[in-house]
Structure formats: structure tokens, C-alpha cells
Amino acid sequence: MKKYFGLFLVLFSFSSTFAQKDSSKYLEGELYIRLKSSKVSTKFTSLNRISISKDLPSLNSNIKKGNFSVEKIEKSFNSAKNKDLKNIIRLKIKENDKIEELIEELKASGEYEYVGRIPKRTIIATPNDPSFSQQWSLSKIKATEAWDENSGAASVIVAVVDNSIQTNHPDLAANMLPGRDMSVDGDFDPNPPNVNFAHGTHVAGILSAVTNNAIGIAAAANNKVKILPIKATSDFESYNNISYGYEGIVWAVDNGAKIISCSWGGATYDEIEKAAIDYAYANGVIVVAAAGNDNTADLNYPAAYDHVISVASVGQTDVRSYFSSYGSKVDISAPGESILSTLPFGAYGSYSGTSMATPLVSSFLGYLLSTFPTITNAELENLMKSTSDDISSLNPGFENSLGSGRINLLNAVSCRTQNLDTLSLKISASRYFCAGDSAYLFTKKINGLSHSWYKDGTLLPSTTDSIWVNQPGVYKLKIQKGNCSRVLNTIKVLENTLVSFPSLALNKEVFYCATVADTLVQIAQMCSQPSFYEKTYSGGTVGYDNFVKSGADPTVVFSGIPGFVDSLEVTIQWQKKDGGNFNSCGNTDGGSIPYNEEVAFSLQSPEGETVELIGFGTYQRGNTTSGLVTQVFKLGVAGIPVNSLPANGTFSPSGDFSKLINAVPNGTWTLLPQDNSEIDPLCVSGFSIKIYTNYVSNVPSLSWWDSPMGGNKVSDSSKFLLPNLSVGEHLYFAQSKCNEFCPSVRTPTRVTVKTVPEIVGFSFDDVILSRAQVMAIMAAQSYSVRKSSANLYYVEGLDQNGQFYSYQISNKGPSVSPVSVCSSADYVLVATGCTGTVSWSNGETNLGIILQNLNQNMQITASCNQTSACVPPPPSIFSFSLATSPQILTGTLSQNSIQSFYGSSLESTQKINPTSQINYKGTSSVELKPGFEVKQGNVFSAQIGNCNN
């Protein structure tokens, strides 16, 4: 039908006839019908057989109205203790071509909770050439060594639900229990009618062939498993069909099975089947099923249902079998190629398939349950997975698609015996850390335990029970003690690339050995973030149909978010159209029945965690399309009602959203829509995520360091009390750190330690003071220069009588050594920073001196005579240089300097602090050498010229 669909769509308008589902996926003429509890009497619940006219008059009326012929009607799960299962009936009509008509009529009546076709299930095996020489699979999983380690205890009942089982096979009979035929044959004889019905017998032999009986083969269960044989195929249908598999599962649960082995399946999800699986889970029964032989990641049921262990197949080298299905739903891998086992009638042969891998896993689990009878189902599954052999390196491209690894019975038995099966790898501090930081990985200290550490699959040199790591990657630990060898859980370590905002800190000028120590101060902004982050998918509509899609799955990418996920809101927009395929989303809707039950959505986090939003079978098919629906998924609200129609609203996801709490928010989030049957595409046009994190606004922690990277922390606060520093420049670095961010880039802060005394000069050509004021300043007790907001300079301090004075002295700041003299000049030199007396080299002892008629190169020095705990500095030098002489300029210019330097040539390594105005003029050259520095905010010029031009 699909083959001709495109042709007819071009020639004619789309007819509802073409919207019928692919009949090959369903049993002909058969329906599951779940009666509403309110419509079912206690008498009906107790019935073993049904009279449609007497017990179900409404259904009888529907059948007669449509002129349908009933071939069979029965209660599917009459033995079940669950009343909802007891309310399910199985109906078969002769008119398969009109079955959709009956479904719609029954739905429209409102009398039934569920009406749907029964998916076709088939066995999953590929016959292979007989090979009687070896059972390589038992050797591969180290079964015989496990038997030596622990021989097991009480027998465990494991059900084989299959097409038939030869119960009196010489290599099976001793481990066989009375069974049941669940098919229309309806008796207690599960034996095959002919040699073609061989699959179930082969499966049973892998599960529990009699061991040590001197004939045939052995099984991993080592006679500790009793087979409960259940025939799920009628003698009158294809031996490949499994038509009563779920009835067999429920009967197995009610008749003592602890494990149920299902080597069959199909592509279609079904709500009634899921109810049967849930019934097994609720009653503490483990269901094991084959992942499929389709060499794809397509889902295969029952393996893909929740609470089912899905099994993939590997060959003798642990490489995935070419036929084996794979994917995120696979739980475990096991040998499944050329597996020798029993066949009807008393024969042996080799088959290949996930059908063969599945009973080996069931046998494995049965032996473990026999050996450790108090183990819980969750512990049993964890024991199997945690002790499996890692085969990821042998299967590149299939990482995380073949389950936890390949089963190893010796590992499982010995690790449980040694109490090492629950050992886990742990991490101290966050697994999300900054470059340069480390995380501590460790496990419990146990004597005699050897350790092998791996990063991204590469062996590390450490052999202890703990390790410090400072690089991102996937880390795992392999432990070994005696026969126990297992890989502990992996931990993915991520690098945090979020950097705090740098703080602000001003450069500081201080006097050498100041009486009162000065302090560096940094200021940082508050660490605050938005209340949530939101991203919206910007791609086009993507179509999905029968597990095929028209483009890439919708994604959104987050970056720069601090903290971890606290809650999520996921919004999707989609429509289930009637007619067409995955490439038909641009076409007009067909107007007939949309098969809404085919729809499923999941969300995948940046770390690969997948959570279901909507499961297959959640919705029922409608009479017309629901149109474009917009749905929001978050915790704390009601879920989507089962068997409802798609509708706008806010819902709780069907999966465990809490698994994403504390996940890393940054990276790619992917929406994974699926449509599990052909025709009627799922069209996804919108996807967005809103992320709330556990990040709380906070005040940053501040620190001071003596190096731009590494080095020593000199202060653990916003302030740093400066020690007594030597004359010159000193760099310190301010750093801030917000919670969940990495530390900021360190802000360099220059501390300039000025000599004592510091000599500054004022040209008489520039000052606006009277000579009396100049003399008063020179005789004063203290002196400092202040720049006003109007860029005027004032000299201030205490005069010789201890009174405060403040004089405007110049429109320019003071000059520092060396001062360029063009011809002749008069200068006032003032010594600052000295608390004692000042001695000048010309014999004067005032705070300042006057130098007149300067017309030659000269220098003068000043010494500070004060009591100090520091080593006295050498005398301070102030130089005058004629503009016709070469100039070599060094040191640091104070903030707010205004000065011109002249010379026949100039070489400079000066550092100029803002906000200064500096001019260099050289008659022949001006050379700025390494070390010269002029910061933003200064006005600086360098010219060829002299004092006069």
C-alpha cells in the first residue's frame, strides 16, 4: 500500500481508504477490547467463558449492526489477579477488511475503555548450519568457572513463552514443569505439532538443558532452572507467529514464574501488551526479551517496553552481530551467533539471533537468583549490568547502544560473593570544575582489591583506590579481587567555562615606610543572573513516520548558565496528520482518521540522559485531526490522560523528569519525536526549553594575589593592607569569584612606592603664588598637591604654626625629575612625605628651596631625617637638564602629571599613569624602549623638535 501511495496522491484527492494501517503488522481480524469497570459485573469477572449475546449485549448489538461474523471471543487474561486485565476480551471477526470500521463504531459507542487491533509478533531467530562441536557461548560468559565459584541452591522457575516446546526432549525433560498452550488449541500441551515448530525448543535448551547427564548440551543455569513451557502459537498458523504471547506472560506470572523469556517481538506499541508487562512487574516477575534482528535502532516490543530487559546479540569476538538491533533501549548483550541447542524431536542444531541471546540472559539471571535467593529484582539486574564485560571499544559507533556490556557469569557470582557488587565510584567536590582545579575520585577501601583507572578508555598509571583528576573526560575504575572483575560506574567530569566578572581596583601611590599603612581596595559587581533561561528551536518542520524522519531532530543550545538544572519547562508544537509520510508535512491534512496512538516524544539532555514526554499509545485515534497542538511539560501538574485526544495544555511528562534535576544545563538539548507506523505523519514545528537553575544571586568572594596566575594569595577579602615595600613599583592582582563560576581574570593593580622625601618642582613661570606664599610653603610642616574638579592644582598642608593652608599654585601639576631647561629658569623644589627634617645638598633644611637662574645641567639631593623602623632610603635626587643634552627617562610619573621633556635625543622607559598630559620632544630622535607604558586616559605626544618649536 505504501508503495502506491505517492502515485495516487498525485492523481486523486486523498481517500480514507489509503489511510488504513499496514495490515501486515496486525493479526487478521483480531481486537483487544477493554471493558469499562462500571459496565462489568462481578458475575462477568468470575466467568471463564463468554456468551456474547448474554454477557455482552452492547457488543453483540454492534456486531449485528455491522453484519460482522464472530469467529472467536474470549477473556484474554482470565487468570490474572488484576481486575483491569480481567476486563480485557479478545475478539476475532472474519471481515478483516472492515475491522477499522468496527473499531470506530465501538469507540463511538462510549461503552469501552480501549479498542485496538492486536499487533503481530513473530519469533526472532535465524537458522544456521548445525555445529555440535562446541558451546562457545558458555565459555564466553565463564559459566563453568562460575559453577565452581558457587554451585547454586534452590531451583528457580523460568517461563519460556514461545511457539512450542518439546517437553520430553531427552536433554530437557528433567528440568521441565507442566505447561500450557495459550492459543486457540486451549489445552495443557505445549509440545510442537511438527519439526517446523522448533524455535521454542531451541530457546528452552539454551535456557536450561540438563547439565551433567552425559548427553547433548549444557546450560548456564546448571540445572538450577525449571522451565515453565508456554505455547503461544496455534498448530494451525505459521510457526513464526507468536499470537498469544502476552496471555502467556500473564499466565506465567500467575503460575509461579520468577523470570519470563520472550524471544519474539514486533515494531508496534500496544496498550494492552504494556498492561500485561506492568502486571508482571507489579508481581515481582522479570521479563527478558529480544531486541530484534533488524540491524537498526528501531524499537521492538516487548523489549522496548519499560520494565523489560532488552537483549542484543554479539559474536565470539564480542562484536555486535550484524543482524542485531541496538539503541538506547537495549539493556545488555549476550552471545547469539551459532548457538547449539535442542530441537524437536530429540535433535540438536545451531541457530543465530537475539532470540538465542535472550534465553542465555534468562538462564544467567535464573542461576544468579538460585545462588542468591534473597536478592531483589533491582539488585539482580544491577548485578548483571555492573559485572558485565565492557565491549564498547570493540564496537565503535555503538557506544551506549549495546547496553551495559556482555554478560559474565563468573564476575556476577564472585562479585556478589565478595560483597563487591554494590561498590561504586564516587566524586568529591563538583564534577563540573574550573581549569586548574581538581576533583577527587574514589571508592571504598578494601584490602586485596586491585584498581585500574581509565580516562576516555585509556589506562591511567594510578593503581590506588582514589585519584585526583584535573582534566575533563569520562573516568571509570576497574576493580579485581579473586575471580571478581568489574568496571564500576563511570563519572563524566566537565570543565566549567563560566568566568566571573573582573573586579575594579585603582592603582596606588604610597610613600616608603609610611607611618600609617595604606590599603588596596577592589570593588566587584553583584553575582546575579536571570530567574530562568529560554531557547527556542529555529529550524523548520520535521516529519516523522514509521521511525523515519525528514530532517534532523529539533535542538536548542544553551551556554553560559551557572549552576545546575533545578526545573524545566519543555514546550512542543506538533500535529498528527491523516495521510502521507514523513515528507508530507507541507500537504493538506487528509481529513480522515489520524492515528494518534503512534506518537511518542522524548527529551535528551546534553549529557545523553533521555526522558520520555509522551509514550506510544498515550493517545487514541480521533475521527478528525486535532490540528496543531501546543503542549508544555513540567513537574507538579497532571499527566496526559490515557486514551485522550491530543490537546493544548500543560502536563507532567510520562517519564521521570526528576532525572534531569542537577544536570548540567549548558550544551545541546534534543527533542526526540517518534512515529511507530507508516502513513499519517507526525509533524513537529515547535520546540523550546525554559531552564530554571539552583543558582542563587550572591556577593562574590574577593581576593588579592601576588601573581597574574598561580602564585600566593595575599588577602582573602576585598582589602589588602600593604606591607612595607621597597621603593619602586609592585604589582598585585585583584580577583573575584561568584558561586558556580570560575574565578575572574585577575586585575593588575600597580603600587608605586615613592622615595622619602619625594621631590617635586614648580617653575616660577607657571606658579601663581606670591613669593611670601612660596616661602611659607617651604617652611611648612607638611605639604600635598590636590587637583580640583576644574583641573586646578592646590598645595595644602600644615604651616610652620600648625595651621591648615590651601593655595592655588598652578594650572599645571608639579614637575618631576628630570626637568628640561630650555635656557634659564627659576624653580621651587619641595620635599614631601618626610615626617622629620629635610637636608638639602646645598645646605638648606627647609621643606622647600628656591633655585634661580638655572642654565646648566645639575642635580640636587635631599635626605629625610626621621625615626623609622625601615632601612633609611638613599638621598632623593632631582635633576635639571638642558634641552640641548641627551635625555634618558625612567621611573613612574605620578597620576595627573603635566610635563614636557626636551633633549637632543630622548630614550624612555617611563610608565605614565592617568590622567596625565605628557609631551616628548627630541631634536634628533625620540625612542620609546621596552618598558615604556602609557595607559588609556592619558594625553601623550612624541615629536621631533626643540623648546622653541
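The values are calculated or read from the model by the stated rules, or taken from the named source; none is laboratory data. Fair warning: this is a prediction, and the values are worked out from it, not measured in the lab. Here Cβ is always computed from backbone atoms with ideal geometry, including for glycine, and neighbour counts include all displayed protein chains.
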Discussion item. With the condition being in contact (Cβ under 8 Å) with a residue 60 or more places away in the chain and of a type in the set (Ser, Thr, Tyr), I'd like the strands (runs of 3 or more DSSP E) fully within the stretch 831-933 carrying at least 2 qualifying residues.
Written reply: 876-882, 898-908
Response to the item:
Of the residues in the stretch 376-421, those that are of a type in the set (Val, Ile, Thr), surrounded by fewer than 22 Cβ atoms within 10 Å (Cβ to Cβ) and within 15 Å of Lys478 (Cα to Cα) come to Ile391
Item to complete: Assess whether Gly200 counts as being surrounded by fewer than 21 Cβ atoms within 10 Å (Cβ to Cβ) and either touching a Leu at 6+ places or on another chain (Cβ under 8 Å) or not in a loop (DSSP other than H, G, I, E, B) (or both).
Response: no
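Yes or no: Glu101 assigned by TED's automatic domain parsing to the domain that holds Leu31 and either surrounded by 15 or more Cβ atoms within 10 Å (Cβ to Cβ) or among the polar types (S, T, N, Q) (or both)?
No.
Of all residues being among the charged types (D, E, K, R) and either farther than 28 Å from Leu893 by Cβ or in contact with a His (Cβ under 6 Å, 6 or more places away or on another chain) (or both) in the stretch 735-750, which is modelled with the lowest pLDDT? Just the residue, please. Working first, answer last.
Residues of the stretch 735-750 that are among the charged types (D, E, K, R), as a first pass: 737, 740, 746, 750.
From what's left, either farther than 28 Å from Leu893 by Cβ or in contact with a His (Cβ under 6 Å, 6 or more places away or on another chain) (or both): 737, 740.
Details: Lys737: 93, Glu740: 81.
Only one residue fits best here, namely Glu740.
Go through the stretch 771-809 and give me each residue that's assigned to a loop (DSSP other than H, G, I, E, B) and under 15 Å from Thr832 (Cα atoms). Don't jump to the end; show me each part of the working.
At the first step, the residues of the stretch 771-809 found to be assigned to a loop (DSSP other than H, G, I, E, B) are 779-783, 788-792, 799-803.
Once the filter is applied, which keeps residues that are assigned to a loop (DSSP other than H, G, I, E, B) and under 15 Å from Thr832 (Cα atoms), the stretch 771-809 yields Ala779, Ala780, Gln781, Ser782, Tyr783, Asp799, Gln800.
Does Gly761 count as at positive phi and either surrounded by 16 or more Cβ atoms within 10 Å (Cβ to Cβ) or not assigned by TED's automatic domain parsing to the domain that holds Ile849 (or both)? Let's see the steps before the verdict.
Numbers: at positive phi: no; either surrounded by 16 or more Cβ atoms within 10 Å (Cβ to Cβ) or not assigned by TED's automatic domain parsing to the domain that holds Ile849 (or both): yes.
Judged against the criteria, Gly761 is not a match.
Being among the aliphatic types (A, V, I, L, M) and more than 27 Å from Glu597 (Cα to Cα) is the requirement here; does Ala80 meet it?
no
If I ask for residues that are assigned to a strand (DSSP E or B) and either without any contact (Cβ under 8 Å) to a residue 60 or more places away in the chain or surrounded by fewer than 19 Cβ atoms within 10 Å (Cβ to Cβ) (or both), which ones from the stretch 572-600 would you list?
Scanning the stretch 572-600 gives a single hit, Gln573.
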Worksheet item: Can you find even one residue in the stretch 71-87 that is outside any strand (DSSP E or B) and within 19 Å of Gly622 (Cβ to Cβ)?
Response: no
Fill in: Among the residues listed as Pro373, Pro335, Pro344, the single one being crowded, with 24+ Cβ neighbours inside 10 Å and in the same structural domain as Ala218 (by TED's automatic domain parsing)
Pro335
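Between Ile249, Ile217, Ile260, Ile230, which is assigned to a helix (DSSP H, G or I) and either out of contact with any Cys (no Cβ under 8 Å at 6 or more places or on another chain) or assigned by TED's automatic domain parsing to the domain that holds Ala357 (or both)? So that I can check it myself, show each step before the final result.
Numbers: Ile217 fails: assigned to a helix (DSSP H, G or I); Ile260 fails: assigned to a helix (DSSP H, G or I); Ile230 fails: assigned to a helix (DSSP H, G or I).
Among Ile249, Ile217, Ile260, Ile230, only Ile249 is assigned to a helix (DSSP H, G or I) and either out of contact with any Cys (no Cβ under 8 Å at 6 or more places or on another chain) or assigned by TED's automatic domain parsing to the domain that holds Ala357 (or both).
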Practice prompt. Hand me the list of strands (runs of 3 or more DSSP E) wholly inside the stretch 428-529 holding 2 or more residues that are touching a Cys at 6+ places or on another chain (Cβ under 8 Å).
Written response: 484-487, 491-496
Worksheet item: For the stretch 601-616, what are the residues that are crowded, with 17+ Cβ neighbours inside 10 Å and among the polar types (S, T, N, Q)?
Response: Ser602, Gln604, Ser605
Practice prompt. Any chance you could count how many residues in the stretch 57-101 are at pLDDT below 90 and among the β-branched types (Val, Ile, Thr)?
Written response: 0
Worksheet item: Say we look at the stretch 565-593 and pick out the residues that are hydrophobic (A, V, I, L, M, F, W, C) and in contact with a helix residue (DSSP H, G or I) (Cβ under 7 Å, 6 or more places away or on another chain); which of these is nearest to Gly622 (Cα to Cα)?
Response: Ile593
Item to complete: Pull up the stretch 709-743, narrow it to residues that are buried (at least 20 other Cβ atoms within 10 Å of the Cβ) and of a type in the set (S, T, N, Q), then point me to the one that is farthest from Pro872 (Cα to Cα).
Response: Ser736
Worksheet entry | Members of the stretch 454-480 found to be within 22 Å of Leu410 (Cα to Cα) and either touching a His at 6+ places or on another chain (Cβ under 9 Å) or modelled with pLDDT of 95 or more (or both), listed by number | Leu477, Lys478, Ile479, Gln480
